[in-house]
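> The structure under discussion is supplied below as C-alpha cells; questions concerning it will follow.
Values in this text are rule-based calculations from the coordinates and carry no lab data. Everything quoted here is computed from the prediction, not taken from an experiment. Positions of Cβ are generated from backbone atoms using ideal geometry, with glycine treated the same way; all protein chains shown enter the neighbour counts.
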Amino acid sequence: MFNDVFKVHLPAVRQRVKQANSDSDSSWRALLAKLWRLHRFKVFDNPAAPAIDYQAMLQPGRVALIDLSDMDSPHVRNIVIAQMLRGIQRQQDENYHAAVAAKASPTPTMVMIEEAHEFLSTERIRQMSTLFQQVARIARRGRKRWLGLVFISQLPQHLPDEVLGLINNWILHKISDSNVIVRLKKSVGGIDDSLWSRLVSLASGQAVVSFTSFTRPLQVNVDPTPCKLLMID
C-alpha cells in the first residue's frame, strides 16, 4: 500500500477486495504487475505535483501546448496522453452543461495530437487497448459537446483501420507512396481519381481536403502562417 489514501482507508479497501469474489490467482497477479509498473514509473501519486487545471486550460481564446518529446518511455507517454484526454473530456462536459443551463453557446474545444502514428499505431493499440477506447469515446461523443479531435501524422500508413474509421474530415498533403494512397482510398470516400492522382505532385502548401460540410472534395492552397517559430528555450 504505497498510497496514503489506501493506508487510511485500509479496512474499506480490504472489504471491497473481498466483495470482488474472484478466484483467479492469475488475474490478481496480472493486476498486481500492472499496479507495480505504474508505481515504478513514478508518474502518479506525487503529492508535490499540482494537478492540471483543466478549467483554466479550456478558457475561450487560450491555446495550451504540451510537449512530451522528452519522455523516453512510450508507455508513460501514452498513459499521460490518455489521462489528459480524459480530464479534457470531463471538463468539456461540465462546460457544456453549464452553458446549456445558462442558455449560452458552448465554447468549442479542439485537441490536436501531433505524430499520431506513435500514439495510435497498431502495436500501441494492441499493448494498451484502453488508450484507443478513450480516443474513440471522444471521437464519437465529442461532437455533441463541441469537442473536436485532430490527428496529425506524416506516416498515415502506420495508423490502423480502427483509427482511420473515426476520421470524418481529411486534409491530405503530398503523398509520394502509391501504397499509402491505395490504403487511404479505402477509408476516405467521395474523392475522385483525378484528385488522388494529384497527391504525388502537390506543391508546398497545396492539399486535397474532404470535409463533411463540403459538397465535394477540393484541391486548395493553404496560406502560410504569419507567425514565426523562434527556436529558443
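> Given springs between every Cα pair under 10 Å in a Gaussian network model of the chain, which of THR130, THR109, THR212 has the largest fluctuation?
Between THR130, THR109, THR212, it is THR212 that shows the largest mean-square fluctuation.
> Here's a follow-up. Among ASP161, ASP67, ASP223, which one moves the most in a GNM of the chain with springs linking Cα atoms closer than 10 Å?
ASP223
> Report the full-extension gain for the segment GLU123 to LEU65: residue separation times 0.36 nm, less the Cα-Cα distance, to one decimal in nm.
18.3 nm
> Now for a different question. Give me Rg/Rg_expected for the stretch 168-233, where Rg uses Cα atoms only and Rg_expected = 2.2 N^0.38 Å with N residues. Display every interim value, and only then the final one.
Numbers: Rg = 14.0 Å, N = 66, 2.2 N^0.38 = 10.8 Å.
The value comes to 1.30.
> Rank PRO11, PRO50, PRO106 by mean-square fluctuation in a GNM of the chain with C-alpha springs under 10 angstrom and give only the top-ranked residue.
Comparing PRO11, PRO50, PRO106 in the GNM, the peak value goes to PRO11.
> Let me ask you something else. For every helix of n ≥ 4 consecutive DSSP H residues, a contribution of -39,500 (n - 2.57) applies; sum these over the chain, divide by its total residues, and give [θ] at 222 nm rounded to the nearest 500 deg cm²/dmol.
Values: 11 runs with 107 residues, N = 233.
Taken over the chain, the calculation gives -13500 deg cm²/dmol.
> Please list, in order along the stretch 121-137, the HN-Hα scalar couplings obtained from phi with the Karplus expression 6.51 cos²θ - 1.76 cosθ + 1.60 (θ = phi - 60°), rounded to whole Hz, x for Gly and Pro.
Coupling constants for the stretch 121-137: 6, 4, 5, 5, 5, 5, 6, 9, 5, 5, 5, 5, 4, 5, 5, 5, 5 Hz.
> How far apart, in nm, are the 7 Å Cα→Cβ label points at LYS18 and ASP161?
Label at LYS18, label at ASP161, 4.9 nm between them.
> Next question. For a test of the definition: using alpha carbon positions, the gyration tensor, and the 1.5 limit on a/c, classify the stretch 54-221 as rounded, prolate or oblate. Please report the intermediate quantities before stating the final value.
Numbers: a/c = 2.05, a/b = 1.36, b/c = 1.50.
It is oblate, given that a/c is not under 1.5 and a/b is not larger than b/c.
> Something else about it: Under 17 Å Cα to Cα from LYS174, which lysines show up? Leave out anything in the same chain fewer than 8 places away.
Result set, ordered by chain and number: LYS185.
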